[in-house]
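To start, the structure under review is shown below, and the notes come after it.
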Amino acid sequence: MAFDETGTTTSAPVPMSPPVPGSAPGHAGAGAHPVSGAAGTHAWTTRVLVVGIVLTALNLRPAITSLGALLEEVRDGLGMSGSVAGLLTSVPPLCFAVFGVMAPRLARRLGPGAVVCAGMVAITAGLVIRPYTGSTAGFLAASALALMGIAVSNVLMPVIVKRWFPDRVGSMTGLYSMALALGTSAAAAATVPLTDALGGHWQPGLALWAVLSAAAVLPWIPFVRVRGARSAQPRGARSVQSAPTADTDRGESDGLRITRSRTAWALAVFFGLQATAAYITMGWMAQIFRDAGVSAGTAGVLLAVTMAMGVPLAFVIPRLATRLPHQGPIAVVLGICGLAGYAGLYWAPAAGAWAWAVLLGIANCSFPLALTMVGMRARTSAGVTKLSAFAQSTGYLLSIPGPLLVGVLYQHSGGWGLPLALMAGLMVPQVAVGVLAGRDRIVEDEAVR
């Protein structure tokens, strides 16, 4: 797969990460990769990094969509009410908001590779533990452990792409967004058949996904000792000699007050509203189809179709977005698809199930659009780090009430009319702030002190 980027709307070239303080340009410091000077090693490092990014992306949603496919069985097994199940579907954005804030500080101290590696370990441990806790509280705690790993990786993926692949932001964002969508849809489609193959018990069906997250730990091990101050240089990256100093990068970061940027706020709200729609879909769409008379297996496949729409589109949309001066029209098209999908779920949930699954899958591609705009709306690596942490943490915080409110409305109204009205109503402001976030603006210009 070619990763060369032919166009971008970023106002200025993005510098590579600075060298380790105290090391001479062109020489590896203590925090650098020990063999980053050879061209052959650069190519090897790039390949390993790409594998790590893809495997990480594959693990950023199975902990959630595998649960959505077996939500009814988990509720019965743990004795959950509809409101508690709604709380369970609100746990992912809560954890993403709380733990995502920690990612920039951890990355500065330990290096982004080490943090992502630890995140994959946390996902593995959480997925192994949670099905066998035997209580709702234990299930929630183990889920939070896995989601903590997902949260820090969510924030650092745009940072890693911007740092190691500054000239290929659209292509690399598309690659890991496509892998993320593939992991999401695979978990939704395969969890029920795998559970049946393992004897019909939901516990091993959920725990099995820990195997995939354990595999994602391995590619990050070589990057554990690579501190945030210096990155390995893949093919096509800017030379170290032209990189800014560590003090310059730190100064840019210290002077950037991200909350003063209107673009950052628009992107945060857009991220929050699309996350609300995504987690409602992942947590409840299979149940909507099952309540309409669709079998559990087919409902899981329909959810997988929704998630699988992101596989091709998550690669196309970022590349298209980097070639447009304004990304607002993409947000509008995605919003229209979402409104059509919700209307179909209300009027004919079973008869047009496949069409609604496709439309909502297209609408869910607001996520790779948001990630691409994070990379495009900041000029420096420090700006991308702050913008990614702010947009994702604030956005996920805003998305917390959505899945919970859907559960409450569903339980007290006895149907899906009010929840679907809520989902459709939230799509309108999502389109509006998507247009604002899509303007050709740079947060450093708006927020620098």
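Estimated at 0.36 nm per residue, the fully extended path between Ser295 and Thr133 surpasses their Cα-Cα distance by 55.5 nm. Peptides 210-223, 305-318 ranked from most to least packed by the mean count of surrounding Cβ atoms within 10 Å: 305-318, 210-223. Shape of the stretch 354-414 from its Cα gyration tensor (a ≥ b ≥ c, root eigenvalues): rounded if a/c is under 1.5, otherwise prolate when a/b > b/c, or oblate? In terms of gyration-tensor shape, oblate. Listed values for the stretch 109-120 are Karplus-derived 3J(HN,Hα) couplings in whole Hz (6.51 cos²θ - 1.76 cosθ + 1.60, θ = phi - 60°), namely 7, 10, x, x, x, 5, 5, 5, 4, 5, x, 5, and x replaces Gly and Pro. Stretching Leu324 away from Ser413 to a fully extended chain increases their span by 27.7 nm, per 0.36 nm per residue minus the current alpha-carbon distance. The 1.4 Å probe gives accessible areas that order Arg163, Arg323, largest first, as Arg323, Arg163.
The values are calculated or read from the model by the stated rules, or taken from the named source; none is laboratory data. Note that the structure is predicted; figures quoted are calculated from it, not measured. All Cβ positions, glycine included, derive from the backbone under ideal geometry; neighbour counts span all protein chains shown. When the accessible area is computed, the model is the full protein with side chains, heavy atoms only, and any ligands, DNA or RNA have been set aside. Shrake-Rupley method; radii C 1.70, N 1.55, O 1.52, S 1.80 Å.
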